[in-house]
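Trainee: Take a look at the following structure, please.
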Amino acid sequence: MKKRILGAATALAVALAGSAVAATPASASDSGGAICVLNQNTWLRDSPHGGVLRTLTAGRGFRWHGAGADTGSGVMWMYGHGAEAPTQDGWVPQANLSGCYWP
C-alpha cells in the first residue's frame with residue numbers, strides 16, 4: 001500500500017513539474033524590437049563573422065534590436081539576443097530567422 005501511494009505521489013509531482021515547464025513562454029526579454037523565431041540552431045556572435053558567444057536553439061525566440069549589417073559577403077547580419085540569454089546581445093545571420101513580428 002505504501003509503494004502504491006508513493007508511486008502516485010511521484011507521478012503527480014512529475015506531472016505538475018512538467019506542466020509548469022510547458023507554461024513558460026519561449027520568447028526573448030522585454031527589450032524593444034521585433035521578435036523572430038530561430039529556424040535552425042544558430043551561433044550568437046560578438047560581431048558579424050566574429051567569435052562565437054553561444055549557441056541559440058532552433059524554435060526559440062530572438063529579439064532583433066533593429067540593427068543590421070551587410071559585410072559584403074552576401075550574408076545580412078541581425079543584432080539582438082536569444083531567449084536563452086536575454087542579457088547577452090550579439091549577431092546572427094538573417095537567413096536563420098523567420099516569423100518576425102513587432103509586438
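Trainee: For Gln40 and Trp102, calculate 0.36 nm times their separation in residues minus their Cα-Cα distance, and state this gained length in nm to one decimal. Don't skip to the answer; put the middle values down first.
Mentor: Details: separation 62, 0.36 × 62 = 22.32 nm, distance 2.09 nm.
So the extension gain works out to 20.2 nm.
Trainee: Oh, and also: Tally Lys/Arg at +1 and Asp/Glu at -1 over every other residue whose Cβ is under 15 Å from the Cβ of Glu84; what's the total?
Mentor: Numbers: positive: Arg45, Arg54, Arg60, Arg63; negative: Asp89.
Local net charge: +3.
Trainee: How much length would be gained if the chain were fully extended between Thr57 and Gln88, taking 0.36 nm per residue of separation minus their Cα-Cα distance, in nm to one decimal?
Mentor: Details: separation 31, 0.36 × 31 = 11.16 nm, distance 1.46 nm.
Separation in residues times 0.36 nm, less the Cα-Cα distance, equals 9.7 nm.
Trainee: Sticking with this structure for a sec: Show me the ranking of peptides 51-57, 75-81, 92-98 by mean Cβ neighbours inside 10 Å, starting with the highest. The partial results should precede the final answer.
Mentor: On the way: 51-57: 14.4, 75-81: 20.0, 92-98: 17.3.
Result, highest mean first: 75-81, 92-98, 51-57.
No lab work stands behind these numbers, since they all come straight from the coordinates. The structure displayed is predicted, hence computed values, not measured ones. For neighbour counting, all protein chains shown are included, and Cβ atoms are generated from backbone atoms with ideal geometry for every residue, glycine included.
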